[in-house]
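Report on one structure; see the data block that follows.
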Amino acid sequence: MRSFPRRCLVLVAALSLCPALPADEPTTQPVQTKAEKRKALEREFQQALENSTLKGTWAMTGPDGLAGKAPLSEAREDKYTITKVSKSSDDYWVVSARVQYADKDVTIPISVRVVWAGDTPIITLDKLAMPGLGTYSARVMIYRGFYCGTWFGANYGGVMSGQIVKDETVLEKKKTTSAPADAHAEPRP
């Protein structure tokens, strides 16, 4: 007698010990449309940036560096405090930011275009004149509490990166103002 039937018995015994595979059940989660997914992503983008500070560094190079013939400068600290983010139309947003770098410290509303790489927003500027700062182009990716990107002026450019830090005082203030006045009072009979 060959061992084939024994192997079959071992296989049957092993399969009988495995848990049953779940039957195909209808999902309880409604399927999101493309427009609903985009709205959710836009809401996350707005919440990530509003009332936050982008704290990081930037480095630059001049025309020789743009041609690949010179290195970037030493990294320098930069900071962008964002108070408000609102969608204006289509892919365009207004970001109210206090820009602090080198000897500059100015608060301005900046009109930016946000393009999406899948679920990742990329802030884009194309030759945008900013009062008191100059004219810039940039591509800045926002992802999971961090930012990074490239920026360009007239004949210079560079890189930037850092962390997105939420302003806890604003968050606490919102919590206390949105709570009902008697939220901590004893229940009434």
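Here's the yes/no breakdown for (1) open to solvent by 50 Å² or more (accessible area, probe 1.4 Å); (2) more than 26 Å from Arg38 (Cα to Cα):
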{"site": "Ala67", "(1), (2)": "yes, yes"}
{"site": "Asp78", "(1), (2)": "no, yes"}
{"site": "Ser89", "(1), (2)": "yes, no"}
{"site": "Gln100", "(1), (2)": "no, yes"}
{"site": "Ile108", "(1), (2)": "no, yes"}
{"site": "Gly153", "(1), (2)": "no, yes"}
Consider Gly118 carefully, then state whether it is surrounded by 16 or more Cβ atoms within 10 Å (Cβ to Cβ) and more than 19 Å from Gly162 (Cβ to Cβ). no
Can we say Ser96 is part of a loop (DSSP other than H, G, I, E, B) and surrounded by 12 or more Cβ atoms within 10 Å (Cβ to Cβ)? no
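Yes/no matrix, rows are residues, columns are (1) modelled with pLDDT of 95 or more; (2) open to solvent by 80 Å² or more (accessible area, probe 1.4 Å):
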site	(1), (2)
Ala20	no, yes
Ala23	no, no
Pro30	no, yes
Thr33	no, no
Leu41	yes, no
Glu44	yes, yes
Ala48	yes, no
Leu54	yes, no
Qualifying residues in region 50-67 (those that are in contact (Cβ under 8 Å) with a residue 12 or more places away in the chain and assigned to a loop (DSSP other than H, G, I, E, B)) - the one farthest from Gly149 (Cα to Cα): Asn51
Residues in region 132-141 that are open to solvent by less than 60 Å² (accessible area, probe 1.4 Å) and in contact with a Cys (Cβ under 9 Å, 6 or more places away or on another chain) total 1
Counting only strands (runs of 3 or more DSSP E) entirely within region 102-168, those with at least 2 residues that are among the hydroxyl-bearing types (Ser, Thr, Tyr) are 104-117, 120-130, 134-143, 146-152
Criterion (small (Gly, Ala, Ser) and either closer than 19 Å to Lys87 by Cα or out of contact with any Gly (no Cβ under 7 Å at 6 or more places or on another chain) (or both)) met by exactly one of Gly134, Gly157, Gly153, Gly162: Gly157
Check on Thr124, β-branched (Val, Ile, Thr), at negative phi and surrounded by fewer than 16 Cβ atoms within 10 Å (Cβ to Cβ): no
Taking region 88-125, which residues are more than 19 Å from Ser137 (Cβ to Cβ) and of a type in the set (Ser, Thr, Tyr)? Ser88, Ser89, Ser96, Thr107, Thr120
Criterion: over 30 Å from Ala40 (Cβ atoms) and in contact (Cβ under 8 Å) with a residue 40 or more places away in the chain - qualifying residue of Gly158, Gly134: Gly158
Starting from region 77-93, keep only residues that are within 17 Å of Leu133 (Cβ to Cβ), then list their pairs with residues that are open to solvent by less than 70 Å² (accessible area, probe 1.4 Å) and not in a strand (DSSP E or B) whose Cβ atoms are within a distance under 7 Å, requiring at least 6 positions of separation or different chains. Ile82/Leu49; Ile82/Glu50
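The values are calculated or read from the model by the stated rules, or taken from the named source; none is laboratory data. Small disclaimer: the values here were computed from a predicted structure and weren't measured. Cβ: placed from backbone, ideal geometry, glycine included. Neighbour counts: every protein chain shown. Keep in mind that these areas ignore ligands, DNA and RNA; they rest on the heavy atoms of the full protein, side chains included. Shrake-Rupley method; radii C 1.70, N 1.55, O 1.52, S 1.80 Å.
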